[in-house]
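Written out below as structure tokens is the structure these notes cover.
The values are calculated or read from the model by the stated rules, or taken from the named source; none is laboratory data. All of these numbers come straight from a predicted model, not from anything done at the bench. Don't worry about glycine lacking a Cβ; one is built from the backbone with ideal geometry, like all the others, and counts go over all protein chains shown. Areas reflect the complete protein model, heavy atoms only, side chains present, ligands, DNA and RNA absent. Shrake-Rupley method; radii C 1.70, N 1.55, O 1.52, S 1.80 Å.
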Amino acid sequence: KQEVTQIPAALSVPEGENLVLNCSFTDSAIYNLQWFRQDPGKGLTSLLLIQSSQREQTSGRLNASLDKSSGRSTLYIAASQPGDSATYLCAVRLVEEYGNKLVFGAGTILRVKS
Amino acid sequence: DVKVTQSSRYLVKRTGEKVFLECVQDMDHENMFWYRQDPGLGLRLIYFSYDVKMKEKGDIPEGYSVSREKKERFSLILESASTNQTSMYLCASSLWDEAGELFFGEGSRLTVL
């Protein structure tokens with residue numbers, strides 16, 4: 001059974017710091033891995049999608065990497081800002097019938113202090 | 001811009017009431033999903049649909065049903081709401097392609113009294 005773990009569970013950093021969020025998964029049979037951001041009381045916003053054949057994706061100050069063989073992904077946030085404060089979740093899309101099953105991590109709660 | 005719209009952001013219902021949660025997407029996506037999110041339990045899949053009139057049970061379908069009469073609309077139905085169905089409900093959609101990106105709506109916070 002696929003399990004997705006996110007470390008750390010919570011993180012508090014001063015503004016301007018570069019930071020790394022970690023996501024690990026137990027089964028490498030995945031189609032892709034997606035990183036999301038969730039603000040309190042809101043839905044999830046897609047940040048980056050990495051296909052299983054890719055190693056990394058970048059969007060602005062965000063960079064996500066994927067090492068499928070070791071079951072790891074990292075989300076790198078450069079020059080963090082208070083507006084980056086949110087919960088960050090990763091999810092893997094399983095290779096199975098219909099290809100529609102995603103398994104989510106519990107998330108990392110990020111607080112960027114001004 | 002991609003858009004998944006959930007009709008109600010906040011609902012308060014009484015035990016035993018029938019509840020409809022509506023979700024509409026404007027991206028011509030084949031796949032649509034309903035999740036619930038609870039503290040400490042994360043996101044759990046209730047139902048998904050890969051085509052009009054097609055549906056598949058997720059991890060926690062008990063107490064729920066769904067309807068997909070049109071491609072853009074996916075409804076979640078609570079036939080007889082119970083207090084343990086108080087939760088945040090999230091609708092999502094994606095292309096049929098298994099590599100497709102998942103897009104979420106803003107969520108519907110349901111409280112059952």
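Out of (1) assigned to a loop (DSSP other than H, G, I, E, B); (2) surrounded by fewer than 21 Cβ atoms within 10 Å (Cβ to Cβ); (3) not hydroxyl-bearing (Ser, Thr, Tyr), the odd one out for B:ARG68 is which?
(1)
Being more than 12 Å from chain B (Cβ to nearest Cβ), touching a Lys or Arg at 6+ places or on another chain (Cβ under 7 Å) and open to solvent by 10 Å² or more (accessible area, probe 1.4 Å), is that true of even one residue in segment A:27-40?
Yes, segment A:27-40 contains at least one residue that is more than 12 Å from chain B (Cβ to nearest Cβ), touching a Lys or Arg at 6+ places or on another chain (Cβ under 7 Å) and open to solvent by 10 Å² or more (accessible area, probe 1.4 Å).
Give segment B:23-51 a look and list any residue that's open to solvent by 50 Å² or more (accessible area, probe 1.4 Å) and part of a loop (DSSP other than H, G, I, E, B), or say none.
Correct list: B:ASP26, B:ASP28, B:GLU30, B:PRO39, B:GLY40, B:LEU41.
Residue by residue through segment B:1-20, note down the ones that are among the polar types (S, T, N, Q), modelled with pLDDT of 95 or more and in a loop (DSSP other than H, G, I, E, B).
So in segment B:1-20, the residues among the polar types (S, T, N, Q) come out as B:5-8, B:15.
From the residues that got through so far, the ones that are modelled with pLDDT of 95 or more too are B:5-6, B:15.
Residue satisfying the conditions is B:THR15 alone.
Would segment A:76-85 turn up any residue that is open to solvent by 30 Å² or more (accessible area, probe 1.4 Å) and among the β-branched types (Val, Ile, Thr)?
no
Pick from A:SER69, A:SER46, A:SER73: which is over 20 Å from A:LYS113 (Cα atoms), outside any loop (DSSP other than H, G, I, E, B) and open to solvent by 10 Å² or more (accessible area, probe 1.4 Å)?
Testing whether each residue is over 20 Å from A:LYS113 (Cα atoms), outside any loop (DSSP other than H, G, I, E, B) and open to solvent by 10 Å² or more (accessible area, probe 1.4 Å) leaves just A:SER46.
Any idea how many residues of segment B:87-113 are part of a strand (DSSP E or B) and either open to solvent by 60 Å² or more (accessible area, probe 1.4 Å) or at the interface with another protein chain (Cβ under 7 Å from one of its Cβ atoms) (or both)?
Total meeting the criteria: 4.
What single numbered condition from (1) modelled with pLDDT of 95 or more; (2) in a loop (DSSP other than H, G, I, E, B) fails to hold for B:SER75?
For B:SER75, the failing item is (2).
Out of curiosity, is A:LEU75 more than 10 Å from the chain's Cα centre (by Cα) and among the aliphatic types (A, V, I, L, M)?
Details: more than 10 Å from the chain's Cα centre (by Cα): no; among the aliphatic types (A, V, I, L, M): yes.
In short, no.
I'd like the full set of residues that are within 11 Å of chain A (Cβ to nearest Cβ) and among the aromatic types (Phe, Trp, Tyr), limited to segment B:1-46.
Within segment B:1-46, B:TYR10, B:PHE33, B:TYR35 qualify.
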